[in-house]
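First comes the structure, then the notes that go with it.
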Amino acid sequence: MKLASRLARVKPSPSVAAAARAAALAAQGRDIISLTTGEPDFDTPPHIKAAAVRSIEQGMTKYTAVEGIAALRQAICAKLERENGLRYAPDQVIAGVGVKQVIYNAFMATLDAGDEVIVPAPYWVSYPDMVALAGATPVSVPCSQASGFKLQPAQLEAAITPRTRWLMLNSPSNPTGAAYSAAELRALAQVLLRHPHVWAMADDIYEHLVYGDFRFATLAQVEPELMDRTLTLNGVSKAYCMTGWRIGYGAGPRELIRAMATIQSQSITSLPSMCQAAAVEALNGPQELIAGFAARFQERRDLAAPLINAVPGLSCHVPEGAFYLYPSCAGLIGRKTAGG
Ligand SMILES: Cc1ncc(COP(=O)(O)O)c(C=O)c1O
(Lines give C-alpha, C1' and ligand atoms only; values in the text may rest on other atoms or scores of the structure.)
Protein backbone atom coordinates (compact mmCIF):
# COMPACT_ATOMS: atom_id res chain seq x y z
CA MET A 1 0.00 0.00 0.00
CA LYS A 2 1.27 3.46 -0.83
CA LEU A 3 1.00 5.84 2.11
CA ALA A 4 1.05 9.63 1.92
CA SER A 5 4.47 11.25 2.10
CA ARG A 6 3.40 13.34 5.11
CA LEU A 7 3.48 10.19 7.21
CA ALA A 8 7.24 10.05 6.79
CA ARG A 9 7.45 13.31 8.77
CA VAL A 10 5.58 12.12 11.88
CA LYS A 11 5.69 9.24 14.32
CA PRO A 12 2.77 7.89 16.34
CA SER A 13 2.37 9.60 19.73
CA PRO A 14 4.89 7.80 21.99
CA SER A 15 2.86 8.47 25.14
CA VAL A 16 -0.30 7.07 23.54
CA ALA A 17 1.68 3.99 22.39
CA ALA A 18 3.08 3.50 25.90
CA ALA A 19 -0.43 3.81 27.36
CA ALA A 20 -1.70 1.12 24.96
CA ARG A 21 1.15 -1.21 26.04
CA ALA A 22 0.36 -0.58 29.72
CA ALA A 23 -3.33 -1.31 29.09
CA ALA A 24 -2.46 -4.53 27.21
CA LEU A 25 -0.26 -5.74 30.08
CA ALA A 26 -2.96 -4.86 32.62
CA ALA A 27 -5.47 -6.85 30.53
CA GLN A 28 -3.14 -9.86 30.91
CA GLY A 29 -3.55 -9.54 34.67
CA ARG A 30 -0.23 -7.76 35.34
CA ASP A 31 -0.24 -5.16 38.12
CA ILE A 32 0.70 -2.04 36.11
CA ILE A 33 1.03 1.55 37.31
CA SER A 34 0.76 3.52 34.08
CA LEU A 35 2.75 6.76 34.13
CA THR A 36 2.14 7.32 30.41
CA THR A 37 -0.53 9.73 29.17
CA GLY A 38 -1.23 12.64 31.51
CA GLU A 39 -4.62 12.19 33.04
CA PRO A 40 -6.10 12.61 36.52
CA ASP A 41 -6.90 9.28 38.15
CA PHE A 42 -10.08 10.76 39.70
CA ASP A 43 -13.49 10.06 38.16
CA THR A 44 -15.50 12.77 36.38
CA PRO A 45 -17.71 14.50 39.02
CA PRO A 46 -21.30 13.14 39.14
CA HIS A 47 -23.07 16.45 38.31
CA ILE A 48 -21.11 16.60 35.03
CA LYS A 49 -22.03 13.01 34.10
CA ALA A 50 -25.67 13.75 34.97
CA ALA A 51 -25.73 16.73 32.60
CA ALA A 52 -24.61 14.46 29.74
CA VAL A 53 -27.26 11.85 30.58
CA ARG A 54 -29.93 14.57 30.78
CA SER A 55 -28.95 15.93 27.37
CA ILE A 56 -29.29 12.48 25.81
CA GLU A 57 -32.70 11.95 27.45
CA GLN A 58 -33.81 15.35 26.15
CA GLY A 59 -32.96 14.26 22.60
CA MET A 60 -29.83 16.33 22.19
CA THR A 61 -28.36 13.68 19.92
CA LYS A 62 -27.91 15.41 16.58
CA TYR A 63 -25.12 17.23 14.72
CA THR A 64 -24.39 20.58 16.30
CA ALA A 65 -22.83 23.84 15.15
CA VAL A 66 -19.29 23.28 13.85
CA GLU A 67 -17.66 25.55 16.47
CA GLY A 68 -19.67 24.08 19.36
CA ILE A 69 -23.20 24.69 20.70
CA ALA A 70 -24.04 28.28 21.67
CA ALA A 71 -24.28 27.36 25.36
CA LEU A 72 -20.75 25.95 25.28
CA ARG A 73 -19.28 28.96 23.52
CA GLN A 74 -21.02 31.24 26.03
CA ALA A 75 -19.70 29.14 28.94
CA ILE A 76 -16.18 29.38 27.50
CA CYS A 77 -16.45 33.19 27.15
CA ALA A 78 -17.77 33.45 30.73
CA LYS A 79 -14.91 31.28 32.03
CA LEU A 80 -12.25 33.31 30.22
CA GLU A 81 -13.67 36.57 31.59
CA ARG A 82 -14.24 35.25 35.14
CA GLU A 83 -10.91 33.51 35.62
CA ASN A 84 -8.54 35.24 33.22
CA GLY A 85 -9.99 38.73 32.72
CA LEU A 86 -10.15 38.05 28.96
CA ARG A 87 -13.19 39.31 27.03
CA TYR A 88 -13.95 37.24 23.97
CA ALA A 89 -17.21 37.18 21.99
CA PRO A 90 -18.74 33.76 21.18
CA ASP A 91 -17.59 34.06 17.55
CA GLN A 92 -14.00 34.33 18.81
CA VAL A 93 -14.05 30.86 20.36
CA ILE A 94 -14.14 27.35 18.94
CA ALA A 95 -14.40 24.01 20.71
CA GLY A 96 -12.64 20.90 19.45
CA VAL A 97 -12.11 17.22 20.24
CA GLY A 98 -9.75 18.11 23.07
CA VAL A 99 -7.18 20.89 22.96
CA LYS A 100 -5.14 18.58 20.79
CA GLN A 101 -7.56 18.92 17.91
CA VAL A 102 -7.89 22.67 18.41
CA ILE A 103 -4.09 22.93 18.00
CA TYR A 104 -4.27 20.66 14.95
CA ASN A 105 -6.93 22.91 13.37
CA ALA A 106 -4.88 26.02 14.10
CA PHE A 107 -1.74 24.54 12.53
CA MET A 108 -3.65 23.24 9.49
CA ALA A 109 -5.25 26.65 9.06
CA THR A 110 -2.05 28.71 9.29
CA LEU A 111 1.09 26.73 8.40
CA ASP A 112 2.77 26.18 5.04
CA ALA A 113 5.98 24.38 4.09
CA GLY A 114 8.97 26.37 5.31
CA ASP A 115 7.09 28.03 8.17
CA GLU A 116 8.61 27.62 11.63
CA VAL A 117 7.06 27.07 15.05
CA ILE A 118 9.15 27.71 18.16
CA VAL A 119 8.72 24.89 20.66
CA PRO A 120 10.53 25.44 23.98
CA ALA A 121 11.99 22.14 25.23
CA PRO A 122 11.24 20.01 27.19
CA TYR A 123 7.87 19.97 25.45
CA TRP A 124 4.69 17.92 25.25
CA VAL A 125 5.70 15.17 22.81
CA SER A 126 2.92 15.97 20.37
CA TYR A 127 3.82 19.58 19.48
CA PRO A 128 6.71 18.96 17.04
CA ASP A 129 4.93 16.13 15.24
CA MET A 130 1.77 18.18 14.88
CA VAL A 131 3.82 21.02 13.34
CA ALA A 132 5.48 18.53 10.98
CA LEU A 133 2.11 16.99 10.07
CA ALA A 134 1.01 20.43 8.92
CA GLY A 135 4.10 20.57 6.69
CA ALA A 136 6.04 23.14 8.73
CA THR A 137 9.25 22.97 10.76
CA PRO A 138 9.38 22.75 14.57
CA VAL A 139 12.24 24.78 16.08
CA SER A 140 13.13 23.40 19.48
CA VAL A 141 14.78 25.75 22.01
CA PRO A 142 16.34 23.92 24.98
CA CYS A 143 15.43 25.37 28.38
CA SER A 144 17.71 24.24 31.18
CA GLN A 145 16.89 22.96 34.64
CA ALA A 146 18.92 25.94 35.93
CA SER A 147 16.37 28.33 34.34
CA GLY A 148 13.51 26.32 35.81
CA PHE A 149 12.89 24.80 32.34
CA LYS A 150 11.53 28.17 31.19
CA LEU A 151 12.20 29.98 27.92
CA GLN A 152 14.28 33.12 28.48
CA PRO A 153 13.53 36.32 26.52
CA ALA A 154 16.99 36.33 24.88
CA GLN A 155 16.46 32.74 23.71
CA LEU A 156 13.13 33.70 22.18
CA GLU A 157 14.69 36.71 20.45
CA ALA A 158 17.45 34.50 19.01
CA ALA A 159 15.03 31.80 17.79
CA ILE A 160 12.76 34.15 15.82
CA THR A 161 13.33 34.25 12.05
CA PRO A 162 11.27 35.80 9.22
CA ARG A 163 9.64 32.34 8.83
CA THR A 164 8.48 32.07 12.46
CA ARG A 165 4.68 31.80 12.63
CA TRP A 166 3.97 30.63 16.17
CA LEU A 167 5.49 30.40 19.64
CA MET A 168 4.10 27.49 21.68
CA LEU A 169 3.87 28.47 25.32
CA ASN A 170 2.64 25.76 27.67
CA SER A 171 2.29 26.82 31.30
CA PRO A 172 2.19 24.88 33.59
CA SER A 173 4.18 22.58 31.37
CA ASN A 174 3.97 18.99 30.33
CA PRO A 175 6.44 17.40 31.11
CA THR A 176 8.28 19.63 33.62
CA GLY A 177 5.44 21.24 35.59
CA ALA A 178 7.27 24.58 35.18
CA ALA A 179 4.91 27.57 35.09
CA TYR A 180 5.55 31.18 34.05
CA SER A 181 4.73 34.01 36.45
CA ALA A 182 2.99 37.13 35.12
CA ALA A 183 6.34 38.95 35.17
CA GLU A 184 8.05 36.19 33.18
CA LEU A 185 5.24 36.22 30.61
CA ARG A 186 5.51 40.02 30.37
CA ALA A 187 9.21 39.73 29.57
CA LEU A 188 8.47 37.25 26.75
CA ALA A 189 5.64 39.50 25.55
CA GLN A 190 8.11 42.38 25.18
CA VAL A 191 10.05 40.27 22.68
CA LEU A 192 6.88 39.28 20.80
CA LEU A 193 5.82 42.94 20.56
CA ARG A 194 9.02 43.62 18.59
CA HIS A 195 8.08 40.89 16.06
CA PRO A 196 4.53 41.47 14.82
CA HIS A 197 4.63 38.49 12.43
CA VAL A 198 4.94 36.01 15.33
CA TRP A 199 1.75 34.68 16.93
CA ALA A 200 1.51 32.76 20.19
CA MET A 201 -0.45 29.76 21.38
CA ALA A 202 -0.92 29.77 25.14
CA ASP A 203 -1.69 26.18 26.09
CA ASP A 204 -3.27 26.68 29.53
CA ILE A 205 -4.66 23.16 29.94
CA TYR A 206 -3.01 22.79 33.39
CA GLU A 207 -4.14 26.24 34.57
CA HIS A 208 -5.91 25.00 37.69
CA LEU A 209 -3.20 22.65 38.84
CA VAL A 210 -0.79 25.14 40.44
CA TYR A 211 0.65 24.85 43.93
CA GLY A 212 1.73 26.93 46.91
CA ASP A 213 1.55 30.69 46.33
CA PHE A 214 2.07 30.43 42.57
CA ARG A 215 -0.52 32.56 40.72
CA PHE A 216 -1.50 31.47 37.23
CA ALA A 217 -1.38 34.05 34.42
CA THR A 218 -1.78 33.80 30.66
CA LEU A 219 -0.14 35.75 27.84
CA ALA A 220 -3.11 37.72 26.43
CA GLN A 221 -4.04 38.73 29.98
CA VAL A 222 -0.62 40.16 30.90
CA GLU A 223 -0.15 41.88 27.51
CA PRO A 224 -3.51 42.89 25.99
CA GLU A 225 -1.70 44.19 22.90
CA LEU A 226 -1.07 40.53 22.02
CA MET A 227 -4.81 39.66 22.12
CA ASP A 228 -5.07 39.96 18.34
CA ARG A 229 -2.28 37.42 17.72
CA THR A 230 -2.71 34.99 20.59
CA LEU A 231 -4.70 31.78 20.55
CA THR A 232 -5.58 31.02 24.17
CA LEU A 233 -6.11 27.27 24.62
CA ASN A 234 -7.79 25.40 27.42
CA GLY A 235 -10.16 22.51 28.01
CA VAL A 236 -11.98 20.37 30.51
CA SER A 237 -9.70 17.30 30.37
CA LYS A 238 -7.36 17.96 33.28
CA ALA A 239 -9.23 20.36 35.60
CA TYR A 240 -12.49 18.39 35.65
CA CYS A 241 -11.08 14.86 35.16
CA MET A 242 -12.70 14.58 31.72
CA THR A 243 -9.94 13.32 29.43
CA GLY A 244 -12.26 10.78 27.77
CA TRP A 245 -14.96 13.33 26.95
CA ARG A 246 -12.60 15.08 24.51
CA ILE A 247 -13.62 18.72 24.77
CA GLY A 248 -11.07 21.53 24.49
CA TYR A 249 -11.27 25.07 23.15
CA GLY A 250 -9.39 27.99 21.69
CA ALA A 251 -10.08 31.74 21.80
CA GLY A 252 -8.52 34.23 19.44
CA PRO A 253 -9.01 36.60 16.52
CA ARG A 254 -12.18 36.03 14.45
CA GLU A 255 -10.34 35.44 11.18
CA LEU A 256 -8.29 32.65 12.74
CA ILE A 257 -11.31 31.06 14.43
CA ARG A 258 -13.23 31.15 11.11
CA ALA A 259 -10.33 29.45 9.32
CA MET A 260 -10.12 26.78 12.02
CA ALA A 261 -13.88 26.21 11.70
CA THR A 262 -13.43 25.57 7.97
CA ILE A 263 -10.89 22.81 8.73
CA GLN A 264 -13.20 21.41 11.41
CA SER A 265 -16.26 21.46 9.14
CA GLN A 266 -14.44 19.36 6.52
CA SER A 267 -12.99 16.88 9.02
CA ILE A 268 -15.17 16.12 12.05
CA THR A 269 -18.27 18.28 11.25
CA SER A 270 -19.09 18.83 14.93
CA LEU A 271 -18.36 17.57 18.43
CA PRO A 272 -20.35 14.87 20.25
CA SER A 273 -23.45 16.66 21.51
CA MET A 274 -23.60 15.00 24.96
CA CYS A 275 -19.94 15.77 25.64
CA GLN A 276 -20.62 19.42 24.93
CA ALA A 277 -23.50 19.38 27.43
CA ALA A 278 -21.12 17.89 30.01
CA ALA A 279 -18.51 20.58 29.30
CA VAL A 280 -21.14 23.34 29.74
CA GLU A 281 -21.95 21.93 33.17
CA ALA A 282 -18.25 21.65 34.05
CA LEU A 283 -17.59 25.30 33.15
CA ASN A 284 -20.81 26.78 34.59
CA GLY A 285 -21.27 24.47 37.59
CA PRO A 286 -19.56 24.42 41.00
CA GLN A 287 -15.83 25.12 40.74
CA GLU A 288 -14.74 24.33 44.31
CA LEU A 289 -14.05 20.69 43.46
CA ILE A 290 -11.04 21.70 41.35
CA ALA A 291 -9.24 22.95 44.47
CA GLY A 292 -9.83 19.52 46.03
CA PHE A 293 -8.19 17.73 43.08
CA ALA A 294 -5.30 20.23 43.08
CA ALA A 295 -4.74 19.68 46.81
CA ARG A 296 -4.45 15.92 46.24
CA PHE A 297 -1.93 16.46 43.43
CA GLN A 298 0.05 18.86 45.62
CA GLU A 299 0.24 16.22 48.39
CA ARG A 300 1.64 13.76 45.87
CA ARG A 301 4.16 16.29 44.53
CA ASP A 302 5.29 17.09 48.07
CA LEU A 303 5.71 13.38 48.78
CA ALA A 304 7.34 12.31 45.52
CA ALA A 305 9.78 15.17 44.80
CA PRO A 306 11.76 14.78 48.08
CA LEU A 307 11.82 10.99 47.65
CA ILE A 308 13.41 11.39 44.22
CA ASN A 309 15.81 14.09 45.41
CA ALA A 310 16.94 11.75 48.20
CA VAL A 311 18.21 9.22 45.63
CA PRO A 312 21.94 9.80 45.02
CA GLY A 313 22.41 10.78 41.36
CA LEU A 314 18.82 11.90 40.77
CA SER A 315 17.63 15.49 41.04
CA CYS A 316 14.24 16.93 40.45
CA HIS A 317 12.98 20.50 40.06
CA VAL A 318 9.92 20.90 42.30
CA PRO A 319 7.24 21.90 39.80
CA GLU A 320 4.97 24.92 40.21
CA GLY A 321 2.10 23.09 38.56
CA ALA A 322 0.63 20.22 36.50
CA PHE A 323 1.02 16.63 37.72
CA TYR A 324 4.45 15.76 36.43
CA LEU A 325 7.93 15.43 37.87
CA TYR A 326 10.87 15.69 35.48
CA PRO A 327 13.86 14.19 37.28
CA SER A 328 17.39 14.44 35.91
CA CYS A 329 19.49 11.27 35.98
CA ALA A 330 22.59 13.12 34.77
CA GLY A 331 24.34 12.19 38.01
CA LEU A 332 23.98 8.49 37.19
CA ILE A 333 25.05 8.45 33.57
CA GLY A 334 28.23 6.39 33.18
CA ARG A 335 28.01 4.94 36.71
CA LYS A 336 28.02 1.17 37.21
CA THR A 337 26.15 -1.00 39.68
CA ALA A 338 28.16 -3.23 42.04
CA GLY A 339 27.46 -6.10 39.61
CA GLY A 340 28.76 -4.04 36.68
C1 LIG B 1 0.35 20.35 27.24
C2 LIG B 1 -0.85 19.60 26.80
N3 LIG B 1 -1.69 20.18 25.92
C4 LIG B 1 -2.78 19.54 25.49
C5 LIG B 1 -3.05 18.25 25.89
C6 LIG B 1 -4.27 17.57 25.33
O7 LIG B 1 -5.40 17.87 26.02
P8 LIG B 1 -6.84 17.41 25.50
O9 LIG B 1 -7.22 16.22 26.31
O10 LIG B 1 -7.73 18.58 25.75
O11 LIG B 1 -6.69 17.10 24.05
C12 LIG B 1 -2.21 17.60 26.78
C13 LIG B 1 -2.47 16.21 27.18
O14 LIG B 1 -1.67 15.53 27.77
C15 LIG B 1 -1.08 18.30 27.25
O16 LIG B 1 -0.23 17.74 28.12
So, counting K/R as plus one and D/E as minus one, what does the shell of residues with Cβ under 14 Å around Met274 add up to?
-> +2
Among Thr36, Gln74, Gln58, flag the residue with its Cα farthest along the positive direction of the charge dipole of region 1-95, charges on Cβ as +1 for Lys/Arg and -1 for Asp/Glu.
-> Thr36
Do the sum for the chain: with -39,500 (n - 2.57) for every DSSP H run of n ≥ 4, divided by all residues, what is the mean residue ellipticity at 222 nm, to the nearest 500 deg cm²/dmol?
-> -12000 deg cm²/dmol
How far is it, in nm, from the label point at Thr37 to the one at Thr262 when both lie 7 Å from their Cα along the line to the Cβ?
-> 3.1
Per the charge dipole of region 183-267 (beta-carbon charges, Lys/Arg positive, Asp/Glu negative, Cα centre), the residue among Val191, Pro224, Ile257 reaching farthest to the positive end is Ile257
Cα-projected label distance for Gln145 with Arg186, points at 7 Å along beta-carbon direction, nm | 3.1
Mind checking the dipole of the chain: about its Cα centre, +1 per Lys or Arg Cβ, -1 per Asp or Glu Cβ, Debye to the nearest 20?
-> 820
Calculate the translational D of the chain in whole µm² s⁻¹ from Stokes-Einstein, where the hydrodynamic radius comes from the Kirkwood formula applied to all Cα pairs, the temperature is 37 °C and the viscosity 0.692 mPa s.
-> 155
For region 92-241, what is Rg from Cα atoms divided by 2.2 N^0.38 Å, rounded to two decimals?
-> 0.97
So in the chain, what percent of DSSP beta bridges are antiparallel if you round to the nearest 5?
-> 35
Region 173-244: mean projected area of Cα convex hull, nm² = 5.5
Taking only the alpha-carbon atoms of region 265-340, the convex hull volume per residue, in cubic angstrom, is 203
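For Ala70 and Ala310, what does the FRET efficiency come to when R0 = 45 Å and r is the distance between their Cβ atoms, rounded to the nearest 0.05?
On the way: r = 53 Å, r/R0 = 1.18.
E(calc), rounded to 0.05, equals 0.25.
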So, over other residues within a Cβ distance under 14 Å of Ser265, counting Lys, Arg +1 and Asp, Glu -1, the net charge is 0
Report the local net charge at Pro312: Lys and Arg +1, Asp and Glu -1, summed over other residues whose C-beta lies under 15 Å from its C-beta.
-> +2
Please work out the Cα center distance from region 206-278 to region 300-340, rounded to the nearest Å.
-> 32
Leaving out ligands, DNA and RNA, what percent of the accessible area of region 253-331 is carbon and sulfur, probe 1.4 Å?
-> 61
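The values are calculated or read from the model by the stated rules, or taken from the named source; none is laboratory data. None of the values given here were measured: they were computed from a predicted structure. Note that we place each Cβ from the backbone using ideal geometry, even for glycine, and neighbour counts take in every protein chain shown. Only protein heavy atoms, including side chains, enter the accessible area calculation; ligands, DNA and RNA are left aside. Shrake-Rupley method; radii C 1.70, N 1.55, O 1.52, S 1.80 Å.
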